[in-house]
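All remarks here apply to the structure that follows.
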Amino acid sequence: MKKSTKVLAAAAAGALALTAGVTAAANAGPAPTAGPAADIQPVPENLVQQNRISVGASAKAVQAALATCQADKLPFVTVAVVDRFGTVQALLRGDNAAEHTIEAAQQKAYTAAAFGAPTSELAKRINGSGPSIADLPGTLFLAGGVPLKVNGVSVAGIGVGGAPDGALDEACAAAGAETIAGAGATK
């Protein structure tokens, strides 16, 4: 294993451990407070069950996407996996990736997750001079975002930002998605 790959793996593991710790703390819930509260009954009429991409699958996807970009001599990209609400599940910034690539990767991932389609396809739907879906906050209709689906339903997205062409970003994102699709996590 090359030294740069070991450093990348160590950095990714540290970032993912931090993300997992923050997520665990957030899931622990707020401290008990005095005052009114409602204990919602856990019945189907009151709760929505949803699929989520695990931290392990998210880590595997961003690492595979970045490795694909690096193999294509594109080390200056950022890869993000977000849930369907846009919450970052995993983020990996390549060597020399500029600050704007972080936001681009997150927004492409969210756009793909929210609309359940690759951002390259969504970009083709934008036309005219008036307001459009491209005006929605937090979205980015440039190639590089790929939805992650479970049983045909979008549950997350992976986005890559920073390559000189969106098609290159999308190829890396697709490679990350395929890494976990083979494990039965996405379709």
Does segment 147-160 contain at least one residue that is in contact (Cβ under 8 Å) with a residue 24 or more places away in the chain, farther than 26 Å from residue 96 by Cβ and either touching a Cys at 6+ places or on another chain (Cβ under 8 Å) or among the aromatic types (Phe, Trp, Tyr) (or both)?
no
Evaluate segment 106-120: report whether one residue or more is surrounded by 15 or more Cβ atoms within 10 Å (Cβ to Cβ) and out of contact with any strand residue (DSSP E or B) (no Cβ under 9 Å at 6 or more places or on another chain).
no
Specify the residue that is nearest to residue 172 (Cα to Cα); the eligible residues are those in segment 73-93 that are modelled with pLDDT under 95 and either surrounded by 21 or more Cβ atoms within 10 Å (Cβ to Cβ) or polar (S, T, N, Q) (or both).
74
Checking residue 132 against (1) surrounded by fewer than 19 Cβ atoms within 10 Å (Cβ to Cβ); (2) closer than 21 Å to residue 71 by Cβ; (3) not hydrophobic (A, V, I, L, M, F, W, C), which test does it fail?
(2)
When residues of segment 118-138 are limited to those that are in contact with a Gly (Cβ under 9 Å, 6 or more places away or on another chain) and either modelled with pLDDT under 95 or among the hydrophobic types (A, V, I, L, M, F, W, C) (or both), the one nearest to residue 91 (Cα to Cα):
138
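The values are calculated or read from the model by the stated rules, or taken from the named source; none is laboratory data. Note that this is a predicted model, so its numbers are computed, not measured. Positions of Cβ are backbone-derived with ideal geometry, glycine not excepted, and every protein chain shown enters the neighbour counts.
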